[in-house]
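To start, the structure under review is shown below, and the notes come after it.
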Amino acid sequence: MDDLLPDISDAHGDEVHWIPIQWRDFGGNPAFSGRAETLRCFEDNTKVRDILGKPGQGRVLVVDGHGNLNKALLGDQLAELAVTNGWEGVVVFGAVRDAGALSNMQLGVKALGVCPIKTEKRGAGDENVPLRIHDVPISPGDYVFADLNGVMVSQHPIEFGEHEK
């Protein structure tokens, strides 16, 4: 499953949407997939903690942090929470921190970059809403696929190997 996205793209073409961003990998699992849970927030990761504190059941949290790199929306403590609760991964359109610790966790983490500064805690953000990242729509319940080639989204499950995601 190291190069999942090229195979998905070849087999499913227009059924999938590649988010044209050169993501950086921070988690210990560079290839991951699952149903999308969505969050839009700005310099406040209170709702990231709330969501990752719930059972993940193999899902992927997609966080639209507006591409902001001034505050980290995910760090080692929230990533540990995600691992404990069975999340497959977190995609952050923004920054993360604790990059060294994240690389040792059994969690997929994609982000634009890093920032050592923590966020505000105001409880702000919109959960379970349609997102648009780099003009690619991502809705709650969509299927997210990620590997070293980037991130793809599909509205429908896709079969690969012996599994369907």
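The values are calculated or read from the model by the stated rules, or taken from the named source; none is laboratory data. Computed from a predicted model, the values in this text were never measured in an experiment. No Cβ is skipped: glycine too gets one built from the backbone with ideal geometry, and neighbour counts run over all protein chains shown.
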- [ ] Report whether or not Asp147 is of a type in the set (D, E, K, R), modelled with pLDDT of 95 or more and touching a Leu at 6+ places or on another chain (Cβ under 6 Å).
- [x] yes
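Conditions tested, residue by residue: (1) among the charged types (D, E, K, R); (2) more than 21 Å from Ser139 (Cα to Cα); (3) touching a His at 6+ places or on another chain (Cβ under 6 Å).
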site: Arg40; (1), (2), (3): yes, no, no
site: Gln57; (1), (2), (3): no, no, no
site: Val62; (1), (2), (3): no, no, no
site: Gly65; (1), (2), (3): no, no, no
site: Lys71; (1), (2), (3): yes, yes, no
site: Val96; (1), (2), (3): no, yes, no
- [ ] For residues that are surrounded by 15 or more Cβ atoms within 10 Å (Cβ to Cβ) and in contact with an Asp or Glu (Cβ under 7 Å, 6 or more places away or on another chain), scanning just region 125-157, find the one that is nearest to Gly56 (Cα to Cα).
- [x] Pro140
Open item on the list: Exactly one of these conditions fails for Val96: (1) closer than 13 Å to Val60 by Cα; (2) among the aliphatic types (A, V, I, L, M); (3) surrounded by 24 or more Cβ atoms within 10 Å (Cβ to Cβ). Give me its number.
Closed with: (1)
Task: Gln57 being surrounded by fewer than 16 Cβ atoms within 10 Å (Cβ to Cβ) and either touching a residue at least 40 places away in the same chain (Cβ under 8 Å) or within 20 Å of Met152 (Cβ to Cβ) (or both) - done: no
Open item on the list: Out of everything in region 104-117 that is under 19 Å from Gly27 (Cβ atoms) and loosely packed, with under 14 Cβ neighbours inside 10 Å, what residue ends up being farthest from the chain's Cα centre (by Cα)?
Closed with: Pro116
TODO: Starting from residues that are in a helix (DSSP H, G or I) and touching a strand residue (DSSP E or B) at 6+ places or on another chain (Cβ under 9 Å), keep the ones in region 96-118 and report whichever is nearest to Ser33 (Cα to Cα).
DONE: Leu102
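Restricting to region 38-95, what's the tally of residues that are acidic (Asp, Glu) and assigned to a strand (DSSP E or B)?
2
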TODO: Scan region 109-127 and report the pairs whose first residue is at negative phi and whose second residue is of a type in the set (S, T, N, Q), with Cβ atoms within less than 6 Å and a gap of 6+ or a chain change.
DONE: Thr119/Asn45; Lys121/Thr46
- [ ] Please work out if Pro137 is assigned to a strand (DSSP E or B) and at pLDDT 95 or above.
- [x] yes
Task: Members of region 12-35 that are outside any loop (DSSP other than H, G, I, E, B) and either without any contact (Cβ under 8 Å) to a residue 24 or more places away in the chain or crowded, with 21+ Cβ neighbours inside 10 Å (or both) - done: Gly13, Asp14, Phe32, Ser33, Gly34
